[in-house]
1. Please enumerate, by chain and number, the aspartates and glutamates with C-alpha under 16 Å from the C-alpha of Lys202, excluding those fewer than 8 residues away in the same chain.
2. Region 1-22 to region 131-208: how many Å between their Cα centroids?
3. For the chain, with all protein chains present and a 1.4 Å probe, just round the carbon and sulfur fraction of the accessible area to a whole percent.
4. Enter the angle in degrees (range 0 to 90, nearest 10) between the Cα long axis of helix 198-207 and the first principal axis of the Cα atoms of the chain, meaning the one along which they spread out most.
5. Compute the long axis of helix 5-17 from its Cα atoms, compare it with the longest principal axis of the Cα atoms of the chain, and write down the angle in degrees, 0 to 90, nearest 10.
6. Near Asn83, within a Cβ-to-Cβ distance under 12 Å, what is the net charge of the other residues, with Lys and Arg +1 and Asp and Glu -1?
7. Enter the per residue convex hull volume of region 67-169, computed from alpha-carbon coordinates, in Å³ rounded to the nearest integer.
8. Just the number, please: percent antiparallel of the DSSP beta bridges in the chain, rounded to the nearest 5.
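The values are calculated or read from the model by the stated rules, or taken from the named source; none is laboratory data. For clarity, every value in this text was computed on a predicted model and none was experimentally measured. Cβ placement follows ideal geometry from the backbone for every residue including glycine, while neighbour counts extend to all protein chains displayed. Just the protein is used for accessible areas: all its heavy atoms, side chains included, with ligands, DNA and RNA removed. Shrake-Rupley method; radii C 1.70, N 1.55, O 1.52, S 1.80 Å.
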Amino acid sequence: MKLTTQAYCKMVLHGAKYPHCAVSGLLVAEKQPPPPRRDQQPPGQPQPHTLFVDCIPLFHGTLALAPMLEVALTLIDSWCKENSYVIAGYYQANERVKDASPNQVAEKVASRIAEGFSDPALIMVDNTKFTMECRQPAIHVYEHHENKWRCKDPHFDYCEDWSEAQRIATSLLDSKSYETLVDFDNHLDDIRNDWTNPEINKAVLHLC
């Protein structure tokens, strides 16, 4: 799997806006045609990887409110269908700085996503690597294997273009763009708040 610069930057900005809270969100991928059966795939051709093109910030603070999650999943699923996307992953940053392990909430939501997507990812933000200079990717990636979530190779580069993601994330943090980031909690407070964050998307595009 790979993350676009936009998806990575919005995850980072969500954590930066609420540094003293746990935060969570969804990752979306472009809807792909079903892969060919193994017996139809040319020998030696690798399986295509999932590209997470965007992230939708969900909640900050209390992450386990089931009714709010159901509302969010329903609305975001409709938006995905309109835009030929699919909900394909979940990210979470825990409240405690040294805690980067998925808890019951993270595994439950990610497993729910796995029911509708064959190659989901659970991404945990590593708060100890979270700096304004973005010196290294601040994530751990987990894959769903035999009904368990297992951490993938921590040395693998999960960004589509890390040098670009690093440069743009640093610029957005420096300009305090996180102050304008909208998550689903903000949308529930005032429905005029747009959880697709078009202004931040434009800022990322402008900096590319």
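1. Asp54, Glu164, Glu179, Asp194
2. After rounding, the separation between the Cα centres reads 3 Å.
3. 51 percent
4. 80 degrees
5. Helix 5-17 sits at roughly 40 degrees to that axis.
6. My count for the surroundings of Asn83 gives -2.
7. It comes to 134 Å³ per residue, whole-number rounded.
8. Working: 24 of 31 bridges.
If I count the DSSP bridges inside the chain, around 75 percent turn out antiparallel.
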